[in-house]
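In what follows, a single structure is set out as structure tokens and then discussed.
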Amino acid sequence: MKVDELLSELECALREEKSDLDRRVDVYNRIVSVAASYLDIPHPVVCPQLVPVEEVRGNDYNPNRVAPPEMRLLKLSIHKDGFTMPVVVAREGKGHVVVDGFHRRQLAQTDVQIRESLGGYLPVVRIDKTGEECITSTVRHNMARGTHQVELTAKLVTLLRNHKWTNERIGKELGMDPDEVLRLKQMQGLAEAFADREFSRAWDICFPNVTKTQE
């Protein structure tokens, strides 16, 4: 088959080419992109890429905090087993912003051994998200692992509310029922949340026998 012949030629060409790491990374990324397009499976994981770690910034809303012992364990894991999971990113200008993998990216940038082993690059998969969509993706990734802290989740719900998201949209995007959204808003003590009709109806339905405090 023609494809098999081309692959054989490609393998030979790659073995014969003597080039620096930057060139090899560029060729690798292009090959993987072509292969992912050929595969035609609509999941980011089939198209991992290597990008300069300096071009990936940590997000400013990351709700998942890692305690020092867990951070040391993450570092040890990468030292012993290598980078086994790419960082999930979204495009931002000429660079990228972290959606999931904040601490892996941090270690790839600051730990000398890890940075050198990756040649200053970071393995990533890209998702097509912008703005508040990145926030909801981060929440979903963390909640799926069971690591999302409730207080910080509440802060993100508040942030989405400030982006004019309705309770229904927040619940739908984060996989929460109305009661969960309500409880998270209560945790933040948002007076403005109690003022809108939508929220007031939710309070009356969930707590019909409770007299609301007058503001």
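For the condition of a type in the set (Asp, Glu), part of a helix (DSSP H, G or I) and modelled with pLDDT of 75 or more, Glu192 does not qualify. Of all the listed residues (Ser33, Ser37), the sole one being surrounded by 11 or more Cβ atoms within 10 Å (Cβ to Cβ), closer than 17 Å to Arg126 by Cα and small (Gly, Ala, Ser) is Ser33.
Report, by residue number, each residue of segment 1-51 that is in a loop (DSSP other than H, G, I, E, B) and either among the polar types (S, T, N, Q) or closer than 14 Å to Pro86 by Cβ (or both). Of everything in segment 1-51, those that are in a loop (DSSP other than H, G, I, E, B) and either among the polar types (S, T, N, Q) or closer than 14 Å to Pro86 by Cβ (or both) turn out to be Ser19, His43, Cys47, Pro48. When the residues of segment 1-26 are filtered to those that are surrounded by fewer than 10 Cβ atoms within 10 Å (Cβ to Cβ) and within 23 Å of Leu122 (Cα to Cα), the one that is modelled with the lowest pLDDT is Lys18.
Within segment 89-133, being open to solvent by less than 50 Å² (accessible area, probe 1.4 Å), among the acidic types (Asp, Glu) and in a helix (DSSP H, G or I) holds for one residue alone: Glu132.
The values are calculated or read from the model by the stated rules, or taken from the named source; none is laboratory data. For clarity, every value in this text was computed on a predicted model and none was experimentally measured. Glycine also receives a Cβ, built like all others from the backbone with ideal geometry; neighbour counts cover every protein chain displayed. Protein only, heavy atoms only, side chains kept; ligands, DNA and RNA dropped before computing areas. Shrake-Rupley method; radii C 1.70, N 1.55, O 1.52, S 1.80 Å.
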